[in-house]
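One structure below.
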2 protein chains.
Amino acid sequence: MARWEPNARGRLEEAAFELFAEHGFEQVTVAEIAGRAGLTERTFYRHFADKREVLFPDANPLVTGLAEALERAPEAPHPIATVAAVLEDAGGFFADRHAYSRRRNAVIAANAELREREAVKLALMADTLAGGLRARGVPDPAASLAAEAGIAVFKVAHARWVADPEPRDLRELMRDAMRQLKAVTAEA
Amino acid sequence: MARWEPNARGRLEEAAFELFAEHGFEQVTVAEIAGRAGLTERTFYRHFADKREVLFPDANPLVTGLAEALERAPEAPHPIATVAAVLEDAGGFFADRHAYSRRRNAVIAANAELREREAVKLALMADTLAGGLRARGVPDPAASLAAEAGIAVFKVAHARWVADPEPRDLRELMRDAMRQLKAVTAEA
DNA sequence: ACGGTTGATGGCAGGCACTGACATCAGGGT
DNA sequence: ACCCTGATGTCAGTGCCTGCCATCAACCGT
């Protein structure tokens, strides 16, 4: 018999999500979250660096997934092809999470601090991408720009994916966004 | 005779900057900042929404400057040309601030919370740009992507500008980044 | 079987960011 | 002379977050 109920971290995530959805992020205290999960505030901070982080449990797996996808990606003559391959890979991460992503996005969109944290996660993805491209020999202004372009594609496609009540294919939306980005930058 | 010393806000900015540069953002309390400026903590919060905001006094002028530049921008057949014109305009904002920007950037780079806030300011610029493009009739996925691409160019160029001890021309760096972005996305 | 170690948790005290409510008081207008 | 405005001060309070120590089941080596 275990000394404690299992999956404390998961229980905290779930409790936080429910309370945020019902009352809003600011109206919920960390002590309330911990209480609903049958734990104490102190323990919450052993699992999450701060109150916001409980809403971003997937960020680290996603970033490490990007890094791995960068290593798996086939040799490509042009960095943008590598970026496209990595995005294709990342799209699978969200395959079965459309409903969950929509609810989560509603919570985040309602609060400035949470939008702030989301912006950081995107910047982290961009840095990871750029670093991986440099490791593959892409010189620096190009590597950063290709990475930023890729994140722009991801950001726009993800926003459309989340805005649509129907669960479309995120990868399809990313391919479309990539085409549109190429069209936009090719002009003039 | 004035009842208070003038320019309380400016004094707070200056005091905060000096203390952050010397001791680091986290090691400085708001009460210390206010004390050096000859004011109280409560008054600090009447001038700035939070402790970080004192380091971003130019963000709002910059964003409204973007919005105005969008209205001034000449009719252009392609959104990316409008974006380029707006960036050209924004470049003037930084003309005489190279040394200051470098010191400020060192403070921000040293702290995660401040980098977080900077990411938000960039996202705000992107939203402003996208909204302006939509107001000019650019349809939506293209408007968002052109705006994100523009911010990517700004971000990369600004990083290079700040990294260089010599005060190069930011606009030149942005034009170069734009060329490289076009080259990168045109490949494949 | 015994004892030491480990690791997740609880309890507590405290610092600091931030906020609301009220007081103060020079200057400017009437 | 009077009131009003507006920037500031004062104070109390909430909540985020951290450091430190205690607890105690499970595990491990002997």
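The values are calculated or read from the model by the stated rules, or taken from the named source; none is laboratory data. In this text, all values refer to a predicted model and were calculated from it rather than measured experimentally. Here Cβ is always computed from backbone atoms with ideal geometry, including for glycine, and neighbour counts include all displayed protein chains. What goes into the accessible areas is simple: the full protein's heavy atoms, side chains included, and nothing from ligands, DNA or RNA. Shrake-Rupley method; radii C 1.70, N 1.55, O 1.52, S 1.80 Å.
Out of the residues in region B:29-66 that are open to solvent by less than 20 Å² (accessible area, probe 1.4 Å) and outside any helix (DSSP H, G or I), which is nearest to DNA strand C (Cβ to nearest atom)?
Among them, the one singled out is B:Phe48.
Which count do you get for residues in region B:31-74 that are touching a residue at least 60 places away in the same chain (Cβ under 8 Å) and within 16 Å of DNA strand D (Cβ to nearest atom)?
Residues meeting the conditions: 2.
Going through region B:140-167 one residue at a time, which ones are charged (D, E, K, R) and either out of contact with any helix residue (DSSP H, G or I) (no Cβ under 9 Å at 6 or more places or on another chain) or in contact (Cβ under 8 Å) with a residue 24 or more places away in the chain (or both)? Outline the logic, then answer.
In the first step, residues of region B:140-167 are kept if they are charged (D, E, K, R); the result is B:140, B:148, B:155, B:160, B:164, B:166.
Matches in region B:140-167: B:Lys155 only.
How about region A:162-183: which of its residues are surrounded by fewer than 23 Cβ atoms within 10 Å (Cβ to Cβ) and assigned to a helix (DSSP H, G or I)? Break it down stepwise before answering.
Taking region A:162-183 first, the residues surrounded by fewer than 23 Cβ atoms within 10 Å (Cβ to Cβ) are A:162-169, A:171-173, A:175-176, A:179-180, A:182-183.
Answer for region A:162-183, where residues must be surrounded by fewer than 23 Cβ atoms within 10 Å (Cβ to Cβ) and assigned to a helix (DSSP H, G or I): A:Val162, A:Ala163, A:Arg171, A:Glu172, A:Leu173, A:Arg175, A:Asp176, A:Arg179, A:Gln180, A:Lys182, A:Ala183.
Here are the criteria: (1) over 19 Å from the mean Cα position of the chain (by Cα); (2) within 16 Å of DNA strand D (Cβ to nearest atom); (3) within 14 Å of chain A (Cβ to nearest Cβ); (4) assigned to a helix (DSSP H, G or I). Tell me which single one B:Glu26 does not satisfy.
Here B:Glu26 meets the rest and fails (4).
Please go through region B:75-97 and give me each residue that is more than 13 Å from chain A (Cβ to nearest Cβ) and open to solvent by 20 Å² or more (accessible area, probe 1.4 Å), ordered by number.
B:Glu75, B:Glu88, B:Asp89, B:Gly92, B:Phe93, B:Phe94, B:Ala95, B:Asp96, B:Arg97
Can you find a residue in region B:90-107 that is within 16 Å of DNA strand C (Cβ to nearest atom) and either assigned to a helix (DSSP H, G or I) or in contact with an Asp or Glu (Cβ under 8 Å, 6 or more places away or on another chain) (or both)?
Residues of region B:90-107 that are within 16 Å of DNA strand C (Cβ to nearest atom), as a first pass: B:107.
After this cut, where a residue has to be either assigned to a helix (DSSP H, G or I) or in contact with an Asp or Glu (Cβ under 8 Å, 6 or more places away or on another chain) (or both) as well, the list is B:107.
Scanning region B:90-107 turns up at least one residue that is within 16 Å of DNA strand C (Cβ to nearest atom) and either assigned to a helix (DSSP H, G or I) or in contact with an Asp or Glu (Cβ under 8 Å, 6 or more places away or on another chain) (or both).
Taking the condition modelled with pLDDT of 95 or more and either of a type outside the set (A, V, I, L, M) or more than 9 Å from DNA strand D (Cβ to nearest atom) (or both), does A:Glu5 pass?
Details: modelled with pLDDT of 95 or more: no; either of a type outside the set (A, V, I, L, M) or more than 9 Å from DNA strand D (Cβ to nearest atom) (or both): yes.
Taking the combined requirement at face value, the residue does not satisfy it.
Has region A:15-37 got any residue that is under 28 Å from A:Arg171 (Cα atoms) and not aliphatic (A, V, I, L, M)?
Looking through region A:15-37, at least one residue is under 28 Å from A:Arg171 (Cα atoms) and not aliphatic (A, V, I, L, M).
Between a first residue in region B:1-23 that is away from chain A (no Cβ under 14 Å) and of a type in the set (Phe, Trp, Tyr) and a second residue that is within 13 Å of DNA strand C (Cβ to nearest atom) and assigned to a loop (DSSP other than H, G, I, E, B), which pairs have beta carbons less than 8 Å apart while being 6 or more apart in sequence or on different chains?
Partner pairs satisfying both residue conditions: B:Phe20/B:Val28.
Could you identify the single residue in B:Leu39, B:Leu66, B:Leu55 that is under 27 Å from B:Ala135 (Cβ atoms) and of a type in the set (A, V, I, L, M)?
Details: B:Leu39 fails: under 27 Å from B:Ala135 (Cβ atoms); B:Leu55 fails: under 27 Å from B:Ala135 (Cβ atoms).
That would be B:Leu66, the only listed residue that is under 27 Å from B:Ala135 (Cβ atoms) and of a type in the set (A, V, I, L, M).
Yes/no matrix, rows are residues, columns are (1) open to solvent by 40 Å² or more (accessible area, probe 1.4 Å); (2) more than 10 Å from chain A (Cβ to nearest Cβ); (3) closer than 18 Å to B:Met174 by Cα:
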site	(1), (2), (3)
B:Ser101	no, yes, yes
B:Glu113	yes, no, no
B:Glu118	yes, no, no
B:Leu122	no, no, yes
B:Ala135	yes, yes, no
B:Val138	no, no, no
B:Ala142	no, no, no
B:Glu148	no, no, yes
B:Ala152	no, no, yes
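Yes or no: A:Pro77 part of a loop (DSSP other than H, G, I, E, B) and in contact (Cβ under 8 Å) with a residue 40 or more places away in the chain?
Values: part of a loop (DSSP other than H, G, I, E, B): yes; in contact (Cβ under 8 Å) with a residue 40 or more places away in the chain: no.
Considered against the rule, which asks whether it is part of a loop (DSSP other than H, G, I, E, B) and in contact (Cβ under 8 Å) with a residue 40 or more places away in the chain, A:Pro77 comes out as no.
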